[in-house]
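Visitor: Sharing a structure, written as structure tokens. Questions coming.
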Amino acid sequence: MSNSPSFERAAVLEFFETSTRNLLAAEAAAGVGHHVAVSIVGTERMPENGYFAAKIAQEQLIEKSSIPFSLVHATQFFEFARAIADEATVDGKVHMAPVRFQPMAGDDVAQAVGRTAVGSPLNGRVEVAGPEQFRMDEFFREALAAWGDSREVVTDPQARYFGSVPGERTLVPGDGATFGQIRYRDWLKTAAQ
């Protein structure tokens, strides 16, 4: 997996378009029979978000290529929770929307990508998510307490998620999603070791 070094709207779009074009061209020349890409659950529900818009552009390039493909749309990783809290901090308080949130362990994402990669190309997408759904503000209230982080979590319906206000179901999968096995509390115990 690769990721843009900048999340600024124009830079992230250029990164995903350029890297995807280069990769698809190399794959076509090598005769690759299955392109697998990881994307984010909810990209199409929040296109005003620069990062999500860049992922949509990446997916469109993959879909238009001649290479059979599978898109794995994953919910946010547990490993990114601290960065999400830091990004949402305003004047020392963590502002989180009271919307649904279903993060998952990176290990569960890796297993889903591996299963997809060795399977037949979907020429479509599969959604994967954590086994538990939370309200975003409540998840971060509990997470910060577990981390020993004294910042207050403020429930804010207008809180931004990396620049955009998420809707109630923006960040959770639809019907037919595959769920990981690792629960956040269990992941936290092993992550702290």
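The values are calculated or read from the model by the stated rules, or taken from the named source; none is laboratory data. All values derive from a computational prediction rather than experimental measurement. Every residue, glycine among them, receives a Cβ derived from its backbone with ideal geometry; neighbour counts consider all protein chains shown. Surface accessibility is based on the protein's heavy atoms, side chains included, excluding ligands, DNA and RNA. Shrake-Rupley method; radii C 1.70, N 1.55, O 1.52, S 1.80 Å.
Matching residues to (1) in contact with a helix residue (DSSP H, G or I) (Cβ under 9 Å, 6 or more places away or on another chain); (2) open to solvent by 10 Å² or more (accessible area, probe 1.4 Å):
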site: E27; (1), (2): no, yes
site: T43; (1), (2): yes, no
site: I56; (1), (2): yes, yes
site: S70; (1), (2): yes, no
site: F78; (1), (2): yes, no
site: D86; (1), (2): no, yes
site: M96; (1), (2): yes, no
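Visitor: Count, please, the residues in the range 31-75 that happen to be in contact (Cβ under 8 Å) with a residue 40 or more places away in the chain and out of contact with any strand residue (DSSP E or B) (no Cβ under 9 Å at 6 or more places or on another chain).
Guide: Within the range 31-75, residues that are in contact (Cβ under 8 Å) with a residue 40 or more places away in the chain and out of contact with any strand residue (DSSP E or B) (no Cβ under 9 Å at 6 or more places or on another chain) number 6.
Visitor: Give the residues of the range 166-181 that are among the β-branched types (V, I, T) and either open to solvent by 50 Å² or more (accessible area, probe 1.4 Å) or in contact with a strand residue (DSSP E or B) (Cβ under 6 Å, 6 or more places away or on another chain) (or both), sorted by residue number.
Guide: Those that are among the β-branched types (V, I, T) and either open to solvent by 50 Å² or more (accessible area, probe 1.4 Å) or in contact with a strand residue (DSSP E or B) (Cβ under 6 Å, 6 or more places away or on another chain) (or both): V172, T178.
Visitor: Here's a follow-up. Take the conditions over 30 Å from F139 (Cβ atoms), open to solvent by 60 Å² or more (accessible area, probe 1.4 Å) and small (G, A, S) and apply them to S120. Does it pass?
Guide: yes
Visitor: Any residue that is more than 27 Å from D156 (Cβ to Cβ), of a type in the set (G, A, S) and either open to solvent by 20 Å² or more (accessible area, probe 1.4 Å) or in contact (Cβ under 8 Å) with a residue 40 or more places away in the chain (or both) - is there at least one of those in the range 12-25?
Guide: yes
Visitor: Also: With the condition kept exactly as written, say whether any residue in the range 19-37 is part of a loop (DSSP other than H, G, I, E, B), modelled with pLDDT of 95 or more and under 18 Å from the mean Cα position of the chain (by Cα).
Guide: no
Visitor: Of the residues R125, R135, which single one is in contact with a His (Cβ under 8 Å, 6 or more places away or on another chain), under 23 Å from T178 (Cβ atoms), of a type in the set (D, E, K, R) and open to solvent by 40 Å² or more (accessible area, probe 1.4 Å)?
Guide: R125
Visitor: Name the residue that is nearest to the chain's Cα centre (by Cα), counting only residues in the range 145-165 that are at pLDDT 95 or above and open to solvent by less than 30 Å² (accessible area, probe 1.4 Å).
Guide: A159
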